[in-house]
Each structure stands twice: as structure tokens, then as C-alpha cells.
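Visitor: Sharing a structure below in C-alpha cells format, with a few things to ask.
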Amino acid sequence: MKRKTIGIILGLSLVFFSSFSFGQDLLIKNSTILTVTKGIIPKGDILIIKGIIKQIGENIKAPKGVKIIDASGKYVIPGIIDSHTHIALTGTNESAEAITAEVKMRDVLNAEDHSIYTAITGGVTMVHTMHGSGNPIGGENVVIKTKWGKTSEEMIVHSAYRTLKFALGENPKRSNSPTVGTPRYPQSRMGVNAIIRREFLKAKNYMEQWDRYLKAKKSKKTTKNLILPRKDLRMEQLADMLRGKMVARCHSYRADETLEFINLSKEFGFKIACFEHASEAFKIARELAEEKIGISVFLDNWAYKVEASEGIAYSAAYCTKKGVLVSINSDSNERIRRLFNDAAKAMKYGGLSEEEALKLITINPAIQLGVDKIVGSLEVGKHGDIAIFNEHPLSAYTLCEKTIIEGEVYFDRAQYLKEREEMEKKKKEEAKKKEKKGGTR
Amino acid sequence: MTKRTFVFAIILISCVSFCLTQEKSPGVIAIKGANIIPVVGEDITEGTILVKDGLIVAVGKNIAIPAGAKIIDAKGLFAYPGMIDGSCYLGLQEIGSIRATVDYRETGRFNPQAKTVEALRPDSMHIPISRSNGITAALVAPSGGLISGHSGLIRLVGWTPEEMIIKSSVAMHIQFPRLPRLRRRREAQPREQASKQITELKDILKQARYYQKRKDAAKKNLGLHLPEFNEKLEFLIPVVNGKLPVMISVHAENDIKAAIKFVKDEKLKAIFYGVTEGWKIAKDIKKSGIPVIFGSLNSVPPKWEDGYDAFYRNPGVLAKAGVKFAFSSGSASLAKDLPYHAAKAAAFGLDKKEALKGVTIYPAQILGVDKMMGSLEKGKIANIVLADGDILELRTNIKHVFIDGKDVGTSSIYTELLEKFKKR
Amino acid sequence: MKIKKNRLLICLFVAIFFFTATSSARVTPTYAIVNCKIIPVIGSHIEKGIIIIRDGLIESLGPQGKISIPEDAEIIKADGLFAYPGLIDAHTNLFLELPKEEPRRPGAARTTATDPRQKEKAQNPDLMAAKLLKPKKAAVSNLHKIGITTVLAAPERGIYAGQSVLLNVNGEKAEPMVIKSPVALHVNFVTGRGTYPSSLMGTMAFLRQSFLDTAHYFSHKSQFTKSSRGLKRPEYNPFLEALTPYVVKKSPVFFNCANLEDIKRALGLIKEFKLNGFLTGANEAWRVADLLIKNAKVPLLVSLNFKPPSTSIYVNQGEELKKKAEEEIYPANAANLNKKRLTFALTSLGLKKSSDIPKNVQKAIKAGLPKQEALKAMTIIPAKFLGVSNFLGSLEPGKIANVILTSGEIFGEKTNVERVFVDGISFEIKKPPKGAKPTTVNIAGKWSLKVSGPMGEIESTMELEQDGNQISGSISSSMGRWEIRDGILSGNELALSISATMMGQTMDLSFSGTTEKDSIEGTITFMEWSMELTATRIPDGEF
């Protein structure tokens, strides 16, 4: 036990230490600041020191040596958080078995995935990258910041909740894939529910085996017959769910399967952080608000399969008005770069205000992921994760000009345009040279 | 019969006939006080649009409103022409993964006999959703194979296919290879070249020409043997005659060049669809005079060197080069997003006014219906949208949609389900 | 036909009998290599020195004049030659004939839910490379040609690929080559075939679980051994048995790292389970140099395969960058590691042809790796890593006589290996005859052969590979597969040496003749027997 505590202290100090070699200094001047939680500053400045927002206000003077970005006429929002993606991973789903709680997406991070770049061109600074939805119980997900160019370890956000992927409905029962050989159990919603229950019952039994062993070992009675139980990584994960160390993020579409999963969580006492997609959430907005379980949805991507055929675009706004914590996600390496467009649609489909719409892609996903103390809004003390737009971010005519994480500029459209110009120049020169040589292809 | 009953009957009959005449010919409608963006011509602040029998009879600032006209107060609203989707699957697909609901794609390589309007489902849940976002007409197009079939132009309202069809055969659709998709962890797939497609097409068009000539000759001369009926060739005759344009879905730079040459050699009337690498040879496309309909702009460009915004930049570059263009949604479930493709192109360099034209007058021109629709002008069909802002903007709410002068409402499965569960 | 064939066989068999009757068991003579420049790797260079080899060991070495030449020594004049320790290729997949892969059963993965041991059964950590050795004469001589005298041959398929063997390449028979077996357990970050795990994250979980299970298995077994009364007996598990020496007894485990994330994964596992881990492959190692410095205790074996992994950012940003990666950036791996003062061995893992090895070493040197470091990375460093530096890896008295004599400095572009000693056995390297005319004829490909002699006609097929003037390949017939050991194409004159194996005995046949693009004609001779041979090319696609 002592070794464990020392280890924890060492580990924590390492984390602290690494967080001190943290971020850069930056001053963003003269922009319209949409803080999301503390109102709008029509023309203001944000000062970031060592990656943390130190000051937000008007006419801030830059300390010596701090890089300045003149954002006159631009709009500044907190970096967008996509709470459901599969980017930056080598592999998405462990399909060989239906229950794979032991796999961890942290083991297969790929910092060289171009989708990370695509994300930052759309103002996204943090993503919850997840196991696929092919299994009733998938693996452990991971939250990363989209620090394009850095190593995978530097991207991991250690303070986020530990989350385990669950999936209900058509995907885990494989009804949309052709059956090859013997079909994998489960093939119906009955089976999906039953297998999740089975695994939690197994986990309880596993925990009991270990408890009994430890008790027997301590007791004065003879321990000759005592065999050390086998440590099972899959059961350990589910045990962590039951111990409250990990929360469920559950992919579900239909209202009924969503309610059944809530029942399961009550049966076993584990916590649900969020339902993913939840196309029919508007049908059970009351229950979701009462249980204080959030949803992470598409605004209007629907009708691609039967369980999504009643996924109305009003759902996100309606649920928000009913007191459900709603975030919008992309679940796509293409849609990830226009989450701000999706947020704007929540004003049209359901009448959310500008601030409520922006919350769907900033503070709300942050709360769902357990990182709202460090990101999700522009407040002093939070990380300097920022997206700068040339028009209001909820306008269809806007584009993202800069994406900043912890005070460091990771995406700069002006830089990109310059590089393109140079590339075009080079191409023209080379074409001219070839022509001079005789024009042979 | 007593006098009272007689009078009562007369009143009843005249009321009924009055109502009936209202159904048949809505009479005169005056949309008053709107900020009119006619697309062709100058914008009019606080103007009036006069509609009679489904047609626009007047658009202006101070229009005299005849007595008995139904007045719609559009103060504070903006009036636009109804938008036209350059290519979509409305009425041809309900749920993407359920093949039983998908009817825009036939099997086999050559299907010139297939007509999308003959597979139309007027009751599709996607149509009211698109319509309630201001889209009033759409080209419903086939896909698959090399020659996919005929596209048709429909109005987004009607109980039966007949009631929806504006033009049952607009173009013959041809599919050149797509760009390879960006695959995670795998290097780009080697690309199919369009040369194979062109050889096949040239061959079958040649056969169609001979087939027609033979038929004509046989008609004039009983002694000549009449060629046996060949479905594929029969339905290609209007194409080789130049009567039916071809819409070629083409993307890669070299394929576009080859397609331009193909169209010229075969003397076809053509429209290009997709054209995602068009920005690389904008001048050539302009020179060819072939108009372009863009597909959905929402894909990640597969080639890193083209830049992350290549598909978004594309329309702006082609428009600047003088190419005639229009936008499309390329979808059924996301057909309502037509205006947002135009807006995205405007964000990345396309002039905003041109963007609006790209969903109104330009598709009308390209599809040959610009005398009927595409702008708010006298004599055109009263396809009018009243909105509380710019219809290309995401946050705008559409208040009224008129098709052929009739208010078609803004309800859809979205609103119906919402209302149903609001009652919980 | 059959009768005639049998007659030919009988004739050859008789010939073999006489041939083998005269040869006797091998005796390793004593050698004195005189007048060469000695680079012992440990210790300083000797400008003009002598090396005495006796009974397979280096008896002594030193400057001319200081070393006396024994009476029974055969003197090898090495004027102008350089003597180096035989090179060690510390990770290769050569020489092994792997069991045929089972065809993938569709849907096999779906049935794993019923059998929890299915995942283990799909792995073969107990596959011993030593039992799969099938050394080929051509492969052996190719290694000698490039100065390699010691190889670690490892199985390569699957997550747990099997256990490797360390070989001294001293001839053509398998067993005399074996120095040590097993050497290490080999692990690849790949997925199972048609079974769990079917994803990389599944593989990581599977590796962790199998390490845990091995420790648990061992503890149960030990407990049972100590006192079995009242204790449930442990169930036999061959998979965990195979893993026990590596997880519990800390025998070496090689982790094949295809990209930089694999290196991180391997180091994580090594740390978590306190394994005696080795990193191999690692052709992107320079990109995580700082992490490797922190983990300097973990031996690093870096492959000379410069093909960037498909995950690499250098591969996905345009053709220009991709080319640069293959030709400049990845070849500089070793040079960059050296700049950071990291110790590493060089291996041929992933290379298909042994002739690529010196080519790629030269590329690495051009990219900035000092020649001395390259030499160390293929001699003393791998010897230390593999725990055999007591008797291999340098030219020191008492060590095994693995010596190579080269015409110039090692790894030089024009340098040839002239002679090689392995376990004190001398192998002279045959050179292409001087004056071999350049040839424009390309005879690589498949050929249909007709051999007609006094016994009648024999039909067979021949597959040829061509590298400039050098010809290699094989002949396949009803009597088996015969290696073409040596072949020279000079102009259109073709000379081949064929290793014919019949009934367990090997004989050398030679062929000389002329070739055109699609036909070959000539004579095969063996002793006094000669047969006419004609060959016609089989066009591609026909079998």
C-alpha cells in the first residue's frame, strides 16, 4: 500500500510538473469576444500567459515579448469541443467480440492523423475520441486536444472523466452488416440489453471473488487452499464502472432503448454521463432532465437508418429548453470542421438564442466530459483555447481563421494562404522551366 | 320547397362554388410590405408582389392592389424566389441503409431507359422538410452504372407524381469515376481514368446513331429490314439528336478535360456535375461553354496538396472565370441544406449575390426553365419564399412558402413529431 | 518415359555413391591470415597483422613479427586486405520455412464468444525457429558475400510470432549453425487473423492480459509445487507455458515496432510488466529519441528498411515529401540516433534481398552515420545485446573465429568480401569472372526445360532471377527443387552451377550454353555425363 501512495504522489507531481512546462503567451486584441458564460464584449482583448487566460477586458497592455494578434473585426469564441469522434486513432472498433471493455483508445492514438488538422481548420480544440459502436460494451475512450504537430502524449487531457463506450440498437446487433458465418450474439435489442446485464453481473461476481480472497487472506483461518484469483482486465473495467471511477457514454437512438439503459444503470448503480446521438431524445426530454443525463447529438443528420428515422432537427433545441444538457457532435472527420454551422441551425430549428447555440459546442460538451473547469468558455483561469472567426461564428458565411490551444497558434489561415501562393508560384516556375526544355511531358 | 329553403340553397351553393373557385384559382394574392430580392433586377424595399392564378403579375414598390385580393402582410420579411435544387434524391429515398426505400439507382452499366420521375414518392417525408426551408423545385437525378437514366424536374408539392412533374426528362445522366476517398492509414488508391468510360460511351452512341439511321431508312423503304427493338439504343436517340442534354458527373482534372473533348466530338449538349477539381482548369471549362452544377461541398479533399478548402474554393474560382454554375444538395435527407452549400462557397470566395443566383436563376437557366422560375419577375410562376432574413443564412426562419401561388405551409415530419411530443 | 527416368536416376545414384564415398567428415584446418590490416572493433587497429585461427577460435592476433605462425597453419596471404569481425545481423526472417498459413475462415471471429481459449489457440508463442530452419546454399553464400557470419533468425507472423534462434552461418546444415535456441520471444503489434483481437487496441489488451495470466499461472503452479494437499491442481495451458520464461523468468522479449507509436506501446508494456524488452524494427526511432534516451537500458535494434510506415505524416502529404522520406529522411534514422548518443544495432528486418543490406548501410553512412558506428552496430553492440559478447562481436584471442576479409574498407561501395571464416571454417567468395561481358539479354522469369540425354527426356520448369550478370534461381521437377547456386550471364553466354538434390544427396551439376530473349540452349554436365538442355520462356500468366 505504501508503494502505491508513493507512486500516486510521484505520478501527480509528474502531471503537475508537466503542466508547468505549459502553453505560450499571447495577446488577442480588438475582437468581439463571445465568452459563452459571461456575456459578450463588443471590442475586447484576451491575454494568455503560459497557456492560461490571465485577463479579459478592454485595452489590455501587452507585457514585454508577448506575441500580439490583431483581431479587429473578428469574432473570438472558446475553442470548440467535439464530444464524439473517432479521429486520431489507429482502428475504431474491436469487432471480434461483443464485449471489449478491456481495450483502451489511449493505446492506439495516432498523432499523425490528418483529421486532426481538418478539425483545427474548423476551430475545434478538443475532442472526445471514442471506441466504435459495434459492441454493446466497447472500450475506454480518451479526451485529447487537437495539438497538430505534437506527440500523442502531449495531447491527452488527463483531468477528463474516464468514460466507457456502450452501444444500443442497430449497430451492436449488427443488423446493418451482412452476416458472414455464424452470427455474433446478440442479434436483437433483447440480447443487447441482456448481454450488458450479464457482464455487470459477472463483474459483481468478480469483485466478490476478490473481496472474499482478500478477506480470507487477512483472517486467521488457514489460507492453504487459497488461490489468487485471476486479474481480468475486462472485469476490472466494469468493476471501475460499479465503483464510480468510470462513467458510461452510451450510443442509443430510440427513446425506449435509452430508457431501458437508464434502468440498467439504476439496477447496478453506475453513472451515465451522456447518451450519444439520442435521435429520439425529444420524446423523453422529461426523463432525461429528471435523471440529469445529458445528450450529445447531431443537429440534423438523420434518416440514414431506421432507428434514426425520427431524428428531428428540433430535438437539440427542444431538449435544451426542457433542461437537458445538450451538446452537438460530429462523429465524422468531415463534419467536425463545421460544428459551428450545426450550432447555428439550433437557432432556426427550435429558437435557441445565440448564446444557447454556442454553448452546444463549448461549455456543454466540456461539462459532459468533466473538463469545464479548464475549458469550454472564455474566463480568467481557464486554458487559452480559442477559435477566431472572420464573421459571427453562427453565420453561414463565416470561416475559421485561427485556432489556438493554450496560447499557441495551431491553425492560421493567413499562413495557409501564403503557403499556397508560394506553392503555386513554384509550380508556375517549374512549368516554365519544363517548357523551355522543350515541352516534353 | 319553401322560399327560405330556396334562398338558403342558393346561398349555400354560391358559398360552395365560391370556395371551389378559391381552390381552383386562388384568385389574386398581394404580398405587401416585403423587402423583395427578385434576383434578376434591383432589390425593392417594402414592395408588393401581385400573384394571379399562380403567376406573378406584378413586382414593385407601389403596386395597385385590386379589390378582393387576399393580402399577406409581409412587413419586416424578405421575399425571395423559391430555390431550385440542381440535383437531389427527393422522393427517391426514405432511409439510406434500407434498399427497399432507395430507388434512384438501377443495376447494370447502361440504363438510359430509367426515369426518376417514374419512381417518385410524392409523400416522402423529406419533401416537406426541404420545401419548408424555401426550396420549391428540384432536379431528381439517377445514379449508378455508366449511363444512369433520365433526371426530371419536380415542384416540391403535389399529391401524385403527375401533380409534381414540371419536366419529366431533363437530362441523361452519365457517371465518370469519382475521386478516391481519403482513407485513414492507407495511401491514396490509384485512380481510375475516364478513358475507359469514354471509349464505352463513344461506342454505344455510335451504335445509337446507326440504329436511328437504320430505323429512319426502313421507314422510308418497306423493302429494308427494320432493326429489332433495342431498348438501350432507342432511349439514347434523343441524346445523339442533341435534343436531350447529357449531365456528366465528373471530378478529376484530366477527366474533365477528356469529358470536354468527348462532348465536343460527339456534338452533345452537356452539363457537368460535381467538377470538384474544376478550379484547376477553370479556363478550359469556360471556353467549352459547358455549365456546371456543384454537388455537396461537404467532403474532405483527398489530396493534401489541394488544400483543406479545395471543395469550398471551387465555386468561387469557376464563377470568377465566367463559368455558368448552380448548386445542389445531392441528397434526400439533407436536401434542405441546399442554401448552405451556396453560403459556404460565399465564405470561401464566391460573391454573395452570385451565391444566391446559384440556387435560383442559374439552376433555372441551366435546366432550361428560366422562363418559368428562378426569379421574381412578371410572368413567372409564383414560387415565393418569405423569410425573416437572408435565406442563405443558417439562422433565418422561413415564414411562408408559395408554390404556384399557393401557400404550402411549413409543416413537416419535424414539426409534426415535435408537436406530438410537446403534448407529453 | 518412366523406365528411362528410373535408369537416369540409377546412374546418378551410383555416381553419388562414389562421389560421397571419397569425401570425408570436415576437419577445420589451422589458418594464419598474414599481412592484413586488422580492425578488431575492441582494441586498436593493426596496420600489418596476423590472425591465427585454430579449432574454430581465434588463437592469437597481433602485428606482423610479434605473432609466430604455427607449423600446421595454412597460410592465407591477405596482402592489401582488411580483417573485420564477422558481421552480426541481429534480426532477420531468412532461412525459415514457416508452416503454411491456414486460410481465413469467414466469420471465424464471430464464434469466439463461446471458447475463451480461442484467442490463445490462434497464437503460437511456442513456435521455435530452430525447428523451422531450412538453410539454402544460395542464401548462405549471399550472406557471406556481404560479410554476415551470424544471424538471429526469428519467426515473423502473428502477435506472438514465436521464439528465435542465433546462428553462426557456417555451412549448409541447420543444426551445426545453432549457437543458442531459444533466444527471445517475438511480439508484433498486429491483429489476429479472423479472431480476437481484430484491432490494435484489442492486441494491446490481449498482450496485457496474457502477461497477467502468465504470472497468475506461474503463481498457481508454484503454489501447487510447494504444497499440493487441498489445492486445486493447475490446468495445463500450453500458451501460458510458452510465455512463462519470458514474463516470469525475464528472458528477452523482442517488440517489433513498425512506427513511433509502437515504440511507445512497447516501452509502456516493458515498464508495466518489468520485461526484459528489446525494441526492434524501429525505423522511425529518431522521432522519439528523447523517450529512448530516458529508456536507454532497453536494447534498440534498428532496421535498415527505410520504407516509411503508412501512418507516417511524411507519406501522406504529397508525392514529393514521400519520395524525400524514402530517399533522405528515413535513411538518416541511424545517423540521428547516433547524434543523440544512443546505442543501437543495425538489422536487416524487413529487407527482401540480402544485397540491399550493404546498399542501405551505405545510404545510412551517406546520411551521416559514422562508419565506425555502423561497424560497431553490426558487431560488438548486437553481441552485447544478445549476451554473446564473450565469444563474438570482435577480433580478440579466445573468441570464435568469425572473421571477414575485405578488399577495402568495410561498407565501401567498391569493397568486396574476399573470404569469410565462420567458426574457423573458411569460405572463399566466388567472384564473377573478370571480363564478364555486359549483357543486354534479360532472362529473368519462368522457363520450361527439356533435358535430353542418353536416358531420354526430362521436363521441368526453371525460375530465374537476374541481377546484372549474376543469375540465380531454381529448377523444379518431379525430383524436387534444385537451387541454381551460381550463374553468370556474359553477353549471351550463360554458365550455371546447379545444386541437384536426389534422395538426400546433393551434387553439383554445371551448365553452359547460350541464350536469346526467349530461349536457352546448352549442355548440362555431371562428371562424364552430359545432356542437352533447351529452354523456352513461359509467358507471364501461364503456369
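The values are calculated or read from the model by the stated rules, or taken from the named source; none is laboratory data. Model, not experiment: these values are computed from the prediction. Ideal geometry is used to build each Cβ from the backbone, glycine not excepted, and the neighbour counts take in all protein chains shown.
Visitor: Can you name every residue in the range A:302-328 that is within 7 Å of another protein chain (Cβ to nearest Cβ) and either touching a Pro at 6+ places or on another chain (Cβ under 9 Å) or not charged (D, E, K, R) (or both)?
Guide: A:Trp302, A:Ala303, A:Tyr304, A:Val306, A:Ser309, A:Ile312, A:Ala313, A:Tyr314, A:Tyr318, listed by residue number.
Visitor: Which residues, counting only those in the range A:86-121, are hydroxyl-bearing (Ser, Thr, Tyr), more than 7 Å from every other protein chain (Cβ to nearest Cβ) and assigned to a loop (DSSP other than H, G, I, E, B)?
Guide: A:Thr92
Visitor: Return only the number of the condition from (1) within 12 Å of another protein chain (Cβ to nearest Cβ); (2) out of contact with any Asp or Glu (no Cβ under 8 Å at 6 or more places or on another chain); (3) crowded, with 24+ Cβ neighbours inside 10 Å that A:Leu299 does not satisfy.
Guide: All conditions are met except number (2).
Visitor: Also: Within the range A:258-279, does at least one residue satisfy the condition of being of a type in the set (Val, Ile, Thr), touching a residue at least 60 places away in the same chain (Cβ under 8 Å) and within 20 Å of A:Gly323 (Cβ to Cβ)?
Guide: Checked against the condition, which is being of a type in the set (Val, Ile, Thr), touching a residue at least 60 places away in the same chain (Cβ under 8 Å) and within 20 Å of A:Gly323 (Cβ to Cβ), the range A:258-279 yields at least one hit.
Visitor: Count, please, the residues in the range B:347-379 that happen to be free of Cβ contacts under 8 Å to residues at least 60 places away in the same chain and of a type in the set (A, V, I, L, M).
Guide: Total meeting the criteria: 3.
Visitor: Can you report the number of residues in the range C:315-325 which are buried (at least 20 other Cβ atoms within 10 Å of the Cβ) and either closer than 18 Å to C:Leu337 by Cβ or more than 9 Å from every other protein chain (Cβ to nearest Cβ) (or both)?
Guide: Here the count works out to 0.
Visitor: Which condition breaks for A:Gly269 when tested against (1) of a type outside the set (Asp, Glu); (2) on the phi > 0 side of the Ramachandran plot; (3) buried (at least 22 other Cβ atoms within 10 Å of the Cβ)?
Guide: A:Gly269 satisfies all of (1) of a type outside the set (Asp, Glu); (2) on the phi > 0 side of the Ramachandran plot; (3) buried (at least 22 other Cβ atoms within 10 Å of the Cβ) except (3).
Visitor: Among the listed residues A:Arg174, A:Arg212, identify the single one that is at positive phi, assigned by TED's automatic domain parsing to the domain that holds A:Ile363 and at pLDDT below 95.
Guide: Only one candidate passes the filter, namely A:Arg174.
Visitor: If a residue counts only when it is in contact (Cβ under 8 Å) with a residue 12 or more places away in the chain, of a type outside the set (Phe, Trp, Tyr) and more than 16 Å from C:Phe427 (Cα to Cα), which strands (runs of 3 or more DSSP E) contained entirely in the range C:26-92 have at least 2 such residues?
Guide: C:30-38, C:46-54, C:57-63, C:87-92
Visitor: Same structure again: Taking the range A:342-368, which residues are under 17 Å from the mean Cα position of the chain (by Cα), under 30 Å from B:Ser130 (Cα atoms) and part of a helix (DSSP H, G or I)?
Guide: Result: A:Asp342, A:Ala343, A:Leu358, A:Lys359, A:Asn364, A:Pro365.
Visitor: Further question: How many residues are within 14 Å of chain C (Cβ to nearest Cβ) and more than 18 Å from C:Leu212 (Cα to Cα) when one looks only at the range A:226-251?
Guide: Count: 1.
Rundown of residues vs (1) modelled with pLDDT of 95 or more; (2) assigned to a loop (DSSP other than H, G, I, E, B); (3) not small (Gly, Ala, Ser), yes/no style:
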{"position": "C:Leu346", "(1), (2), (3)": "yes, no, yes"}
{"position": "C:Gln362", "(1), (2), (3)": "yes, no, yes"}
{"position": "C:Asn390", "(1), (2), (3)": "yes, yes, yes"}
{"position": "C:Ser394", "(1), (2), (3)": "yes, yes, no"}
{"position": "C:Leu405", "(1), (2), (3)": "yes, no, yes"}
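Visitor: From (1) assigned to a loop (DSSP other than H, G, I, E, B); (2) within 19 Å of the chain's Cα centre (by Cα); (3) of a type in the set (Val, Ile, Thr), pick out the condition that doesn't hold for A:Thr179.
Guide: Unmet for A:Thr179, out of (1) assigned to a loop (DSSP other than H, G, I, E, B); (2) within 19 Å of the chain's Cα centre (by Cα); (3) of a type in the set (Val, Ile, Thr): (2).
Visitor: Here is a further query. Taking the range B:396-412, which residues are of a type outside the set (Ser, Thr, Tyr) and within 14 Å of chain A (Cβ to nearest Cβ)?
Guide: Of everything in the range B:396-412, those that are of a type outside the set (Ser, Thr, Tyr) and within 14 Å of chain A (Cβ to nearest Cβ) turn out to be B:Asn397, B:Ile398, B:Lys399.
Visitor: Checking the condition of a type in the set (D, E, K, R), within 16 Å of the chain's Cα centre (by Cα) and at pLDDT 95 or above, which residue from A:Arg198, A:Arg162 passes?
Guide: None of the other options fit; the residue is A:Arg162.
Visitor: How about the range A:369-399: which of its residues are within 14 Å of another protein chain (Cβ to nearest Cβ) and assigned to a loop (DSSP other than H, G, I, E, B)?
Guide: A:Asn390, A:Glu391, A:His392, A:Pro393, A:Leu394, A:Ser395, A:Ala396, A:Tyr397, A:Thr398, A:Leu399
Visitor: Please specify each residue of the range B:318-366 satisfying the condition of being surrounded by fewer than 22 Cβ atoms within 10 Å (Cβ to Cβ), within 25 Å of A:Phe389 (Cα to Cα) and away from chain A (no Cβ under 12 Å).
Guide: B:Lys320, B:Lys353, B:Glu354
Visitor: Just to verify a result, which residue in the range A:201-225, among those that are more than 14 Å from every other protein chain (Cβ to nearest Cβ) and of a type outside the set (Lys, Arg), is farthest from the chain's Cα centre (by Cα)?
Guide: A:Ser219
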